[in-house]
Amino acid sequence: LKAVEKGWMVSHFVSGAKLAYEEILMAFETGDLEIINKMASEEVFLIFKDVIDDRNKKGLEVEATFGGVRDIRIKDVKFDKKTLEANITMIFRCDISYTVKDKNGKIIEGGPDKIKKQKDIWTFSRKMNSEMPNWYLTKTE
């Protein structure tokens, strides 16, 4: 990718992916579809939206606190030389505390003092050498 786009650096990508991960994850937990829509492909957005809509229909409320990324690494890189499409798959391990409350405010999952260790595998995509510098979340596993 460095050969295709002057100035592209792995370290900048990884730090940007880490920030995007936290932002998208917390937007998902809090139901902020606007942020997810700006940072994800339509396919990923619709998957997240379905889950958020389902939570809302059930009257569930999520409170979450991001405890930080414990580990981040690149799992795979794919590059199409014809289309200049790059796909970088990342593994994130993080700590998150979350509480799910029903419509009556009763805790039904988690709790403010419960820390969940979470692992996510996300793929970010972008056309290299384009005017648009943003990477988009295009796949979750």
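The values are calculated or read from the model by the stated rules, or taken from the named source; none is laboratory data. It should be emphasised that the depicted structure is a prediction, and the values quoted were computed from it without experimental measurement. In this analysis, Cβ positions are derived from the backbone assuming ideal geometry, glycine residues included, and neighbour counts consider all displayed protein chains. Side chains included, ligands, DNA and RNA excluded: accessible areas come from the protein's heavy atoms. Shrake-Rupley method; radii C 1.70, N 1.55, O 1.52, S 1.80 Å.
The table that follows gives values for the structure above.
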item: Selection status of ASN37, in contact with a strand residue (DSSP E or B) (Cβ under 8 Å, 6 or more places away or on another chain) and closer than 16 Å to GLU23 by Cα; result: no
item: The one condition in (1) assigned to a helix (DSSP H, G or I); (2) within 19 Å of LYS119 (Cβ to Cβ); (3) not small (Gly, Ala, Ser) that LEU46 fails to fulfil; result: (2)
item: Total residues in the range 113-130, condition in a strand (DSSP E or B), of a type outside the set (D, E, K, R) and open to solvent by less than 100 Å² (accessible area, probe 1.4 Å); result: 6
item: Qualifying position, being over 19 Å from ILE24 (Cβ atoms) and touching a Gly at 6+ places or on another chain (Cβ under 7 Å), among ASP80, ASP102; result: ASP102
item: Whichever residue in the range 131-141 is at pLDDT 90 or above and exposed (fewer than 12 other Cβ atoms within 10 Å of the Cβ) and, among such residues, is farthest from the chain's Cα centre (by Cα); result: ASN134
item: Selection from the range 2-59 of residues that are at positive phi and either aromatic (Phe, Trp, Tyr) or surrounded by 15 or more Cβ atoms within 10 Å (Cβ to Cβ) (or both); result: GLY31
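Results for (1) of a type outside the set (D, E, K, R); (2) part of a strand (DSSP E or B); (3) free of Cβ contacts under 8 Å to residues at least 12 places away in the same chain, shown as yes or no for each residue.
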| residue | (1), (2), (3) |
| --- | --- |
| HIS12 | yes, no, yes |
| SER15 | yes, no, yes |
| ILE36 | yes, no, no |
| ASN56 | yes, no, no |
| VAL62 | yes, yes, no |
| GLY67 | yes, yes, no |
| ASP71 | no, yes, no |
| ILE96 | yes, yes, no |
| THR99 | yes, yes, no |
